[in-house]
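Chemist: Shown below is the structure under consideration.
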Amino acid sequence: MLETGMPAPAFTLPDKDGAPVSLSDFAGKKVVLYFYPRDNTPGCTRQACAFAQACEDLKALNTVVIGVSRDSAASHQKFAEKYSLPFPLLSDPELSAIRAYGVWQEKKLYGKVSMGIVRSAFLIDENGIIEKAMYKVKPDTNAAEILAYLNK
């Protein structure tokens, strides 16, 4: 698991339009990199909409938001359009960034064990260092927690 003070793993993944997006594209800005299980599910939708509402406040703090899941670029495009999401959603079907950030973990649901994305968020500073690592975050409070942390 990644911790505060560690370098954030570099990545390049396609966005909803298929264009490559790299962590290095945001050098000089703080990045909220959040990993979520799936587009158009209740928790993931609430989390994405909360980040969308917080986007202007985050932008004022020189911070950008990036969402990552295994969903396809086409799925991300529909999800982003449906909810007017003003930040990039990146597709990681090969699990390269998902594994690098340690969010591909064993999960239990109704006694059934499977592997999946544990909802997580990372605040990465302007120099690519993890400022805050948050695993098993709640979709309804994640954006507010990050804003409160940045405003302290």
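The values are calculated or read from the model by the stated rules, or taken from the named source; none is laboratory data. Bear in mind the structure is a predicted one, so any value in this text is a computation, not a measurement. Ideal geometry is used to build each Cβ from the backbone, glycine not excepted, and the neighbour counts take in all protein chains shown. Side chains are part of the model used for accessible areas, which takes the heavy atoms of the whole protein and leaves out ligands, DNA and RNA. Shrake-Rupley method; radii C 1.70, N 1.55, O 1.52, S 1.80 Å.
Chemist: Taking the condition open to solvent by 50 Å² or more (accessible area, probe 1.4 Å), modelled with pLDDT under 95, closer than 20 Å to V31 by Cα and not aromatic (F, W, Y), does K152 pass?
Modeler: Working: open to solvent by 50 Å² or more (accessible area, probe 1.4 Å): yes; modelled with pLDDT under 95: yes; closer than 20 Å to V31 by Cα: yes; not aromatic (F, W, Y): yes.
Yes; evaluated as a whole, the condition is true for this residue.
Chemist: Checking the conditions here, which among K107, K136 is within 21 Å of P9 (Cα to Cα) and either modelled with pLDDT of 95 or more or in contact with a Ser or Thr (Cβ under 8 Å, 6 or more places away or on another chain) (or both)? Step through it out loud before you land on a result.
Modeler: Numbers: K107 fails: within 21 Å of P9 (Cα to Cα).
Of K107, K136, the one residue that is within 21 Å of P9 (Cα to Cα) and either modelled with pLDDT of 95 or more or in contact with a Ser or Thr (Cβ under 8 Å, 6 or more places away or on another chain) (or both) is K136.
Chemist: Residue under question is I98, and the condition is that it be in contact with an Asp or Glu (Cβ under 7 Å, 6 or more places away or on another chain), on the phi < 0 side of the Ramachandran plot and β-branched (V, I, T); does it hold? So that I can check it myself, show each step before the final result.
Modeler: Working: in contact with an Asp or Glu (Cβ under 7 Å, 6 or more places away or on another chain): yes; on the phi < 0 side of the Ramachandran plot: yes; β-branched (V, I, T): yes.
Criteria met by I98.
Chemist: On to the next question. So if I check each of K136, K107, K78, which one is free of Cβ contacts under 8 Å to residues at least 12 places away in the same chain and open to solvent by 30 Å² or more (accessible area, probe 1.4 Å)?
Modeler: On the way: K136 fails: free of Cβ contacts under 8 Å to residues at least 12 places away in the same chain; K78 fails: free of Cβ contacts under 8 Å to residues at least 12 places away in the same chain.
Sole residue among the options that is free of Cβ contacts under 8 Å to residues at least 12 places away in the same chain and open to solvent by 30 Å² or more (accessible area, probe 1.4 Å): K107.
Chemist: With respect to the numbered conditions (1) farther than 16 Å from A8 by Cα; (2) under 15 Å from the mean Cα position of the chain (by Cα); (3) surrounded by fewer than 17 Cβ atoms within 10 Å (Cβ to Cβ), which one is the sole condition not fulfilled by S96?
Modeler: Result: S96 passes all but (1).
Chemist: Still on this structure, I have one more. Against the condition within 18 Å of W104 (Cα to Cα), at pLDDT 95 or above and assigned to a helix (DSSP H, G or I), how does C44 come out, does it pass?
Modeler: Values: within 18 Å of W104 (Cα to Cα): yes; at pLDDT 95 or above: yes; assigned to a helix (DSSP H, G or I): yes.
Against the criterion (within 18 Å of W104 (Cα to Cα), at pLDDT 95 or above and assigned to a helix (DSSP H, G or I)), C44 qualifies.
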